[in-house]
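Just below is one structure, and these are the notes that go with it.
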């Protein structure tokens, strides 16, 4: 085989001449001089080691081999053109899919606002949102099941980058008429002997709460545990105890009908932000969605 390097234009020249049965008309369609087009076809034939056209001064026809490979080459060019078109749309952020994993509390507050804004700017891009707990979120980011995650890592995770979006302060939620209602803020020490409704042990909120109690040399055993904040709020409304929940739950409406008080001495806050895999580059669409998310986060804090 000839050592000449073939490119897209050589195959495009072959297909165009084959379709029009004319070097002259093909050159006009491709905006080439006829000698330049003839040269491209000849280079293709020399590289493949086969004659693709039977031609004389008046007619041009595909050779037997040319007829066999013409449909294959035509299909290949159509697929390449489709890939180029799709890639350009992705680069322009007019098409694509953005996959995001986020904590349930954020999936019902911050993320919908960001998606709504993003859709106005990029209606052709689909956002797939997974609401998951903290460790599952990290696992999905590491496995590249999502472009990035939005949450709060329990600790530094190898291979995960974290950038802060906002801070979420913990509050005490109790039923109306509960003795804690009389206070403007509540100390952790006041909660030690109360029946507590806490989030599940593998949640980022629970790890933060346990660490806060440990800082005042207290180890608390919850009366009840819940995976979702709506469940914890329901238990509090039923008079089963008081809950320690993120203030974002107030925005969710989960704490409607309950009394909330901030926690002081020490205050408990968690940083919420973007988790993505180190060394991985986000697609243009994912970068654009991240921009919308950052903008909404700034407006809501």
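Scanning the range 116-136 for residues being within 23 Å of residue 284 (Cβ to Cβ) and in contact with a strand residue (DSSP E or B) (Cβ under 9 Å, 6 or more places away or on another chain) gives a total of 10.
Considering the range 199-220, the residues that are over 23 Å from residue 138 (Cβ atoms) and free of Cβ contacts under 8 Å to residues at least 24 places away in the same chain include one that is nearest to the chain's Cα centre (by Cα), namely 219.
Scanning the range 237-246 for residues that are over 16 Å from residue 206 (Cβ atoms) and in contact (Cβ under 8 Å) with a residue 60 or more places away in the chain gives 237, 239. Within the range 172-190, the set of residues being within 15 Å of residue 264 (Cβ to Cβ) and within 39 Å of the chain's Cα centre (by Cα) comprises 172, 185, 186, 187, 188. Out of 268, 274, 250, one residue alone is farther than 18 Å from residue 207 by Cα and at pLDDT 85 or above. It is 274. When the helices (runs of 4 or more DSSP H) confined to the range 19-91 are screened for residues that are in contact (Cβ under 8 Å) with a residue 40 or more places away in the chain, those reaching at least 2 such residues are found at 34-48, 64-91.
Scanning the range 224-237 for residues that are touching a strand residue (DSSP E or B) at 6+ places or on another chain (Cβ under 6 Å) and not in a strand (DSSP E or B), which turns out surrounded by the fewest Cβ atoms within 10 Å (Cβ to Cβ)? Only one residue tops the list, namely 235. Of the set (1) under 19 Å from residue 152 (Cβ atoms); (2) touching a helix residue (DSSP H, G or I) at 6+ places or on another chain (Cβ under 8 Å); (3) part of a strand (DSSP E or B), all apply to residue 197 but (1).
The values are calculated or read from the model by the stated rules, or taken from the named source; none is laboratory data. In this text, all values refer to a predicted model and were calculated from it rather than measured experimentally. Using ideal geometry, Cβ is built from the backbone for each residue, glycine included, and neighbour counts are taken over all protein chains shown.
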